[in-house]
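Written below as structure tokens is the structure these notes are about.
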There are 2 protein chains.
Amino acid sequence: MRKIDVCLSPELIHLYDIPNLAVVVVDIFRATSCMVTAFAHGAKEIVPVEKMDLCHAYGLKGYLTSAERNGVTPEGFDFDNSPFSYQVEKVKGSKICVTTTNGTVAIRKSRKSPALFVGAFLNISRVAEALKQWEGDALIVCAGWKGKPNLEDTLFAGALIDLLQGTYRVADDAAMMALGTYHQAASNMLQAVKGSSHVNRLLGLGIEKDISFCLERDLYPILPRLKGNKLRLD
Amino acid sequence: MRKIDVCLSPELIHLYDIPNLAVVVVDIFRATSCMVTAFAHGAKEIVPVEKMDLCHAYGLKGYLTSAERNGVTPEGFDFDNSPFSYQVEKVKGSKICVTTTNGTVAIRKSRKSPALFVGAFLNISRVAEALKQWEGDALIVCAGWKGKPNLEDTLFAGALIDLLQGTYRVADDAAMMALGTYHQAASNMLQAVKGSSHVNRLLGLGIEKDISFCLERDLYPILPRLKGNKLRLD
């Protein structure tokens, strides 16, 4: 049976054989939730970059721009890092350049994967379908928070593995722990994440409705995939 | 209240402020379980080193030597990596130099801590007592397996945090997840670890009795602590 593993932080990615794995990158609060929301509202293309300068340069080429550092948005960008910001008319048909603290780093570090998908609870079943079609092993790359593992991305990893049981088997202990963490929290995800440090940091920013929204499942059954340096719908 | 965190792999250690933390290094299967067992049987000093050559050099200076790579012991060393090997007369009063795949790396990377303790289930309550005495924050450094997190070290971290509730609060999501993983497994630790990849690797080496032994609690209420480059009883 195919194997699925979990990389709990981008800092551990060198331990995995990325060129031979389908990769799902996840940053639940909030980069990948925002990306999925943007595509669901008509974005044509998203370019993830690591530097704000480069993001601005894309802005000069006609891209809409989005930035987040430490949970907040610097001046001079079109979007912040809330999924509600992308539920607007101007997103339709747009190209967007995005830079975030954790999510865009995780995408860059995973870019050698032959099949890199963007995952969130908002599209989790669609991602699971894609992995069922994939004929090799897979890895879920959690964006974490500044290199440290976080609860919400680990919960997503566990939830995705749960959907794949019977198709994939758990490759290693990190995947097993993610699945166990998910099973503990599944009956009340919102309650579970509210105890986490990262979420408390975010709640301090006054984004409680973002938290609830990012935990909704399968609102947008779409599949963003990396092609070259751009994300597009598969 | 003081805070306790968990570093799930030595590869993440640069994310923590080691010089300002009491550190507990753990490698349940089997390096730290062996060290605790050796001290309990009279070892005077243990020097953890990373290279086998250096271990041999200590051998020439009169140290007993112990080595493990990928779970097995190369030729030419006095001890293998089984806790039963240290329950012998020659350990009494000895100095031992040890090199292992994961545990000695975790100790070296943590050496700037002002209070570095060696932890195992065999001495978990004694370690908890030491942290209760310590007047600052603390970190549990899991040795993992070749850079990846593993179940048994994470379970130890959760169990230790559980003993410290009321004294320390969980600092971040990794610690929260370790505690949750422990609570799920606590009623039958042996059953829980038998599902893990790392343990399956070890079971392939025919060391089932080592696994059970390393999960026993408080058999040896002693506290190995790093002084310079040497471990001694505190």
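The values are calculated or read from the model by the stated rules, or taken from the named source; none is laboratory data. Just so it is clear, the structure is predicted and the values come from calculations on it, not from any experiment. Counting neighbours? That spans all protein chains shown, and the Cβs are built from the backbone with ideal geometry, glycine included.
I want to confirm something. Restricting to the stretch B:111-156 and keeping residues that are hydroxyl-bearing (Ser, Thr, Tyr) and part of a helix (DSSP H, G or I), which single residue is surrounded by the fewest Cβ atoms within 10 Å (Cβ to Cβ)?
It comes out as B:SER125.
Out of all the residues in the stretch B:3-21, is one or more small (Gly, Ala, Ser) and either over 26 Å from B:ILE207 (Cα atoms) or more than 14 Å from chain A (Cβ to nearest Cβ) (or both)?
No.
Just name the residue that is farthest from A:PHE213 (Cα to Cα) out of those in the stretch A:51-100 that are acidic (Asp, Glu) and surrounded by fewer than 16 Cβ atoms within 10 Å (Cβ to Cβ).
The extreme case among them is A:ASP53.
Working carefully through the options A:ALA43, A:ALA57, find the one that is more than 30 Å from A:ALA175 (Cα to Cα), outside any loop (DSSP other than H, G, I, E, B) and modelled with pLDDT of 95 or more.
Answer to the check: A:ALA57.
Within the stretch B:157-164, does at least one residue satisfy the condition of being within 19 Å of B:ASP218 (Cβ to Cβ), modelled with pLDDT of 95 or more, away from chain A (no Cβ under 11 Å) and assigned to a strand (DSSP E or B)?
No: zero hits.
Before we move on, is A:VAL193 within 9 Å of another protein chain (Cβ to nearest Cβ), buried (at least 21 other Cβ atoms within 10 Å of the Cβ) and within 22 Å of A:LEU8 (Cα to Cα)?
no
Does A:ALA174 satisfy the criteria of being under 22 Å from B:ILE4 (Cβ atoms), at the interface with another protein chain (Cβ under 8 Å from one of its Cβ atoms), in a helix (DSSP H, G or I) and in contact with a strand residue (DSSP E or B) (Cβ under 9 Å, 6 or more places away or on another chain)?
Yes; evaluated as a whole, the condition is true for this residue.
Output yes when any residue across the stretch B:29-47 is surrounded by 17 or more Cβ atoms within 10 Å (Cβ to Cβ) and within 14 Å of chain A (Cβ to nearest Cβ), and no when none is.
yes
In this structure, does B:ALA186 turn out to be within 13 Å of chain A (Cβ to nearest Cβ), part of a helix (DSSP H, G or I) and without any contact (Cβ under 8 Å) to a residue 60 or more places away in the chain?
yes
Suppose we keep only residues that are assigned to a loop (DSSP other than H, G, I, E, B) and buried (at least 16 other Cβ atoms within 10 Å of the Cβ) within the stretch B:203-218. Which one would you say is modelled with the lowest pLDDT?
My answer is B:ILE207.
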